[in-house]
Amino acid sequence: MAKLDFIKEELEQAREQGLFITIRSVDSPQGAWIIVDGKRVLNLCSNNYLGFANHETLRSAAQKGIDEFGVGPAAVRTIAGTMSVHKVLEEKLARFKGVEAAISFQSGFNANLAAIAALVGPDDLIFSDELNHASIIDGCRLSRAKTIRYEHCNPESLREKLEENKDHPGKKMMITDGVFSMDGDIAPLDRLVDVAEEYDAIIMVDDAHGEGVLGNSGRGIVDHFRLHGRVDLEIGTMSKAFGVVGGYVAGKKIIVDYLHQKSRPFLFSSAVTPPDVSACIAAVEILQESGEMVEKLWGNGNYFKEKMSALGFDLGLSETPITPVMIGDAKLASTFSARLFEEGVFAMSIGFPTVPRGKARIRVMNSASHSQQDLDFGVAKFAEIGKELGVVA
Ligand SMILES: *Cc1c(COP(=O)(O)O)cnc(C)c1O
């Protein structure tokens, strides 16, 4: 066998199982309708919850960022890459989230790697929801702490695991996603925090899909549950509701101070570019002033879900505008998605390993940028193809 034949075999296998990922290319700005592979389609799969990715205010902020600071930071944050815009963003984020301090990173993925690997090490224990995001899992691995998985969204299971390990001499840390992006369910953070506090565990929540969505004006899951001051650190991303790119850690000042010294993506990877950071600042300012787009997002999500439930679609565990349309078989899900695309609706199927085997789905991401007419169009196509493929009666 030639040395790279294993790749060919794996890719062939993925194709046979309907798990091969087709990468589509977008030829327009993000929005309700986009041009994908040359075709104009209704966009039901981006994380652009509030329509910020092509928002006029963010666009002009980015242009102004270039005029004032150029296009690149030319260094890591700890050498010459920290520009005043980075500091402004961090201050605005801290105020918005209602925390003592914030530190920004190149992405949410990086923020998870940065925070987890800095805070715990080989002698420590991490208690992690079994469905936590891949970047949390990688952060846990990188830290070399022992990772103990508790049952999904189950505070009693967390308590059991903490109790079993209560005499462990090292540090303990509890980590959960705030909103789980594949199912759209919300972590019972109030009860998880109660349990973690009893065992004096460091409390971390990844709010990537909660900010801009949950809480007052999109302040996130901590605000949603009124847990201010009780969560040690929140991971955030600027790439979803905020519509740009970047990540951050928000929380206790002592943690942020520590990450300035210790987190490797901060020390060894260049800062986010000035136009990006300038656009991020504008996004936070918009939400600081008004929750109007957040309300529109929820209105759209609820409208879409009502119509889809009435048609008989199984929408899984969703409690947020993220709407998984449960199909089951990965091949059927991918056929469904391909048919939707032919009919002008862009909604991707998601299968193993992103979700468990046999739980393939089409994940619909609702957004404030959709009109009711857009949603009606999407629902009608789901109904038509759902009947055609025998998913609904
Ligand atoms: C998307 C996501 C991330 C990664 O954020 P990026 O800024 O895109 O790197 C991290 N955690 C969760 C839960 C996410 O959904």
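A straight chain from Arg226 to Ile7 at 0.36 nm per residue would run longer than the Cα-Cα distance by 74.0 nm. Decide, for the range 349-393, between rounded, prolate and oblate: order the square roots of the alpha carbon gyration tensor eigenvalues as a ≥ b ≥ c, take rounded if a/c falls under 1.5, and otherwise choose prolate if a/b is larger than b/c, else oblate. Oblate. Label point of Val76 set 7 angstrom out along Cα-Cβ; within the range 103-140, amide nitrogens under 17 Å from it belong to 104-107, 110-119. Ligands, DNA and RNA left out, the 1.4 Å accessible surface of the range 56-289 is 50% carbon and sulfur atoms. A 1.4 Å probe over all protein chains sorts Met1, Met173 by accessible area into Met1, Met173, starting with the largest. Roughly how many Å is it from the Cα centre of the range 268-336 to that of the range 345-393, as a whole number? So the two Cα centres are separated by 13 Å.
The calculated 222 nm mean residue ellipticity attributable to helices in the chain amounts to -13000 deg cm²/dmol, summing -39500 (n - 2.57) over DSSP H runs of n ≥ 4 and dividing by all residues. Rounded to the nearest 20, the Cβ-based charge dipole of the range 56-289 about its Cα centre (Lys and Arg +1, Asp and Glu -1) stands at 740 debye. Projecting the Cα positions of Val36, Leu315, Cys140 onto the charge dipole of the chain (unit charges on Cβ atoms of Lys, Arg, Asp and Glu, taken about the Cα centre) puts Val36 furthest along the positive direction.
Applying a length cut-off of 15 Å (Cα extent along the axis) and a mean Kyte-Doolittle floor of 0.0 to the DSSP H helices of the chain leaves 108-119, 274-289, 330-342.
Would you work out the relative contact order for the range 56-289, in percent, from Cα pairs under 8 angstrom that are 6 or more residues apart?
Computed over the range 56-289, the figure is 33 percent.
Pairwise Cα distances in the range 1-151 exceed 24 Å for 62 percent of all pairs. Of interest is the spacing of the C-alpha centroids, which for the range 81-120 and the range 216-258 amounts to 9 Å. In this structure, Ile66 and Ser28 have a Cβ-Cβ separation that, at R0 = 30 Å, corresponds to a calculated FRET efficiency of about 0.90.
Here the extension length gained between Leu317 and Asn54 equals 91.7 nm, from 0.36 nm per residue of separation less the Cα-Cα distance. If you look at the Cα atoms of the range 56-289, you get an Rg and a Dmax of 17.3, 57 Å.
The values are calculated or read from the model by the stated rules, or taken from the named source; none is laboratory data. Keep in mind that what you see is a predicted model, and the values were worked out from it rather than measured. Backbone-built Cβ (ideal geometry, glycine too); neighbour counts: all protein chains shown. Only protein heavy atoms, including side chains, enter the accessible area calculation; ligands, DNA and RNA are left aside. Shrake-Rupley method; radii C 1.70, N 1.55, O 1.52, S 1.80 Å.
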